[in-house]
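The values are calculated or read from the model by the stated rules, or taken from the named source; none is laboratory data. Just so it is clear, the structure is predicted and the values come from calculations on it, not from any experiment. Ideal geometry is used to build each Cβ from the backbone, glycine not excepted, and the neighbour counts take in all protein chains shown. Note: areas computed on protein heavy atoms with side chains; ligands, DNA, RNA excluded. Shrake-Rupley method; radii C 1.70, N 1.55, O 1.52, S 1.80 Å.
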Amino acid sequence: MQKIQCQNIKCEGCVKKINDALLEDYPTLRVDISTQSVEVEADENALNLIKEKLQQLGFLAPSGMLGKFKGFFSK
């Protein structure tokens, strides 16, 4: 199982949004509100796709310098 540390997972609505977007393709996906994380069995390529989707949904901060730059201006 791979664990992805997320942000803004605050309620069951957030869990539903993530599940609606990813659960069909990744049936092992589990969302944990208390730790704001997602666990899933996936290879490196699938993991990258999952992270990309979580970013689009607003549950994962963009990575790298561009992500930090964008994050600075979106606050």
* Asked: Which members of segment 4-41 meet the condition of being open to solvent by 30 Å² or more (accessible area, probe 1.4 Å), without any contact (Cβ under 8 Å) to a residue 40 or more places away in the chain and assigned to a helix (DSSP H, G or I)?
  -> GLU12, GLY13, LYS16, ASN19, ASP20, ALA21
* Asked: Which is part of a loop (DSSP other than H, G, I, E, B) and modelled with pLDDT under 95, of LEU66, LEU60?
  -> LEU60
* Structure fact -> Note on segment 42-55: residues in contact (Cβ under 8 Å) with a residue 24 or more places away in the chain and either open to solvent by 40 Å² or more (accessible area, probe 1.4 Å) or assigned to a helix (DSSP H, G or I) (or both) are LEU47, ILE50, LYS51, LYS53, LEU54
